[in-house]
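All remarks here apply to the structure that follows.
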Amino acid sequence: MDATVTVTTVEDVGSDTVAITFESPEGFDAEPGQFLKLTGVVDSEEYSRFYTLSSPDADSTFETTIAIEPDEGGPFSEYLASLAPGDTLEMEGPYGNDHYEGESRVVVLAGGPGIGPAIGIGERALADGNEVAIVYRDETPAHRTRLTALRERGATVHLLEDSNADLGPVVADVLAGTEGEQVFVYGFAAFVEDAEAALDAAGANRQAAKIENFG
Ligand SMILES: Cc1cc2nc3c(=O)[nH]c(=O)nc-3n(C[C@H](O)[C@H](O)[C@H](O)COP(=O)(O)OP(=O)(O)OC[C@H]3O[C@@H](n4cnc5c(N)ncnc54)[C@H](O)[C@@H]3O)c2cc1C
């Protein structure tokens with residue numbers, strides 16, 4: 001679907017991280033873990049970037065979580081963080097096959113803004129009565145309130161507050177190896193490489209994991 005979408009809220013959810021909620025256009029649907037292309041004009045130049053759903057559904061609104069990297073990032077993520085309710089953007093999507101599909105146990109490995117799909121999938125899976133484990137690596141973790149709520153509702157949540165932390169032991173610990181267990185990996189390339197190495201070391205089938213590399 002191509003549509004003009006309207007911002008309803010912009011919320012700080014951590015250090016240099018915002019969650020933006022948009023009104024869902026008529027007939028729009030998306031699953032947690034799918035991503036959208038957002039397009040806007042910054043200083044007379046048009047930018048298009050991909051952002052992953054961080055809400056458990058897209059029934060009346062949908063949310064994406066955006067990290068602003070002062071050193072590595074470019075102008076579009078900063079522009080998104082400056083949006084206000086009532087502002088509009090062009091949206092295309094949803095895209096991607098590596099999303100939640102009702103699996104009975106979800107294990108989500110998230111780095112940086114990968115926390116967006118992790119909480120969206122976690123909230124949806126718990127609502128469906130499924131098991132949830134989240135491993136999240138970030139120097140300054142975002143979405144702490146929703147992570148605490150997930151933990152209180154029964155999810156296993158491991159925070160690694162060091163971007164060089166070894167994922168190996170904690171990944172080996174959360175994998176139950178049960179039928180219906182599905183591993184998801186979301187984050188930028190360096191995190192995805194570390195997560196794949198941790199899955200290999202734990203003897204997990206990396207080919208069966210749903211992996212979205214942010215670039
Ligand atoms: C499938 C997909 C899903 C994505 N989902 C999200 C999402 O849910 N949330 C989100 O914030 N971003 C997501 N991204 C990344 C997003 O599309 C942009 O690349 C990002 O916001 C930077 O855009 P920019 O215009 O500010 O900088 P750009 O000019 O596009 O980026 C400059 C450079 O910085 C790198 N970079 C930017 N931020 C980081 C970071 N935090 N860690 C490491 N390297 C970084 C980029 O890879 C690039 O090399 C996703 C990307 C893809 C491909």
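The values are calculated or read from the model by the stated rules, or taken from the named source; none is laboratory data. No experiment lies behind these values; they were computed from the predicted model shown. We place every Cβ from the backbone using ideal geometry, glycine too, and count neighbours over all the protein chains shown. Surface accessibility is based on the protein's heavy atoms, side chains included, excluding ligands, DNA and RNA. Shrake-Rupley method; radii C 1.70, N 1.55, O 1.52, S 1.80 Å.
Looking across region 61-106, the residues that are of a type in the set (A, V, I, L, M) and more than 12 Å from the ligand (Cβ to nearest atom) come down to Leu83, Ala84, Leu89, Met91, Val106.
Scanning for something within 15 Å of the ligand (Cβ to nearest atom), more than 23 Å from Val170 (Cβ to Cβ) and not hydrophobic (A, V, I, L, M, F, W, C), does region 107-114 turn up at least one residue? No, every residue in region 107-114 fails to be within 15 Å of the ligand (Cβ to nearest atom), more than 23 Å from Val170 (Cβ to Cβ) and not hydrophobic (A, V, I, L, M, F, W, C).
Tell me, yes or no, whether region 188-203 has at least one residue that is away from the ligand (no atom under 16 Å from the Cβ) and part of a loop (DSSP other than H, G, I, E, B).
Taking region 188-203 and keeping what is away from the ligand (no atom under 16 Å from the Cβ), we get 196-203.
Add one more test, that the residue is part of a loop (DSSP other than H, G, I, E, B), and what stays is 202-203.
Yes, region 188-203 contains a residue that is away from the ligand (no atom under 16 Å from the Cβ) and part of a loop (DSSP other than H, G, I, E, B).
As a summary of the residue check, Asp138 satisfies the conditions (1) near the ligand (Cβ under 10 Å from one of its atoms); (2) within 22 Å of Asp194 (Cβ to Cβ); (3) surrounded by fewer than 18 Cβ atoms within 10 Å (Cβ to Cβ) except for the one numbered (3).
Quick one: which of Leu109, Leu175, Leu147, Leu167 is out of contact with any strand residue (DSSP E or B) (no Cβ under 6 Å at 6 or more places or on another chain) and either open to solvent by less than 10 Å² (accessible area, probe 1.4 Å) or in the same structural domain as Pro70 (by TED's automatic domain parsing) (or both)? Steps first, please.
On the way: Leu109 fails: out of contact with any strand residue (DSSP E or B) (no Cβ under 6 Å at 6 or more places or on another chain); Leu175 fails: either open to solvent by less than 10 Å² (accessible area, probe 1.4 Å) or in the same structural domain as Pro70 (by TED's automatic domain parsing) (or both); Leu147 fails: out of contact with any strand residue (DSSP E or B) (no Cβ under 6 Å at 6 or more places or on another chain).
Only one candidate passes the filter, namely Leu167.
Within region 1-19, track down each residue that is closer than 27 Å to Glu103 by Cα and open to solvent by less than 50 Å² (accessible area, probe 1.4 Å). The answer is Ala19, and nothing else.
For Ala58, work out the one condition from (1) in contact (Cβ under 8 Å) with a residue 40 or more places away in the chain; (2) open to solvent by less than 40 Å² (accessible area, probe 1.4 Å); (3) assigned by TED's automatic domain parsing to the domain that holds Phe22; (4) more than 11 Å from the ligand (Cβ to nearest atom) it doesn't fulfil. With (1) in contact (Cβ under 8 Å) with a residue 40 or more places away in the chain; (2) open to solvent by less than 40 Å² (accessible area, probe 1.4 Å); (3) assigned by TED's automatic domain parsing to the domain that holds Phe22; (4) more than 11 Å from the ligand (Cβ to nearest atom) applied to Ala58, the lone miss is (1).
Assess whether Gly111 counts as being closer than 19 Å to Ala197 by Cβ and under 18 Å from the mean Cα position of the chain (by Cα). Full working, then the answer.
Details: closer than 19 Å to Ala197 by Cβ: yes; under 18 Å from the mean Cα position of the chain (by Cα): yes.
So Gly111 fits the description; yes.
Of everything in region 180-215 that is exposed (fewer than 15 other Cβ atoms within 10 Å of the Cβ) and free of Cβ contacts under 8 Å to residues at least 24 places away in the same chain, the residue that is nearest to Pro117 (Cα to Cα) is Glu193.
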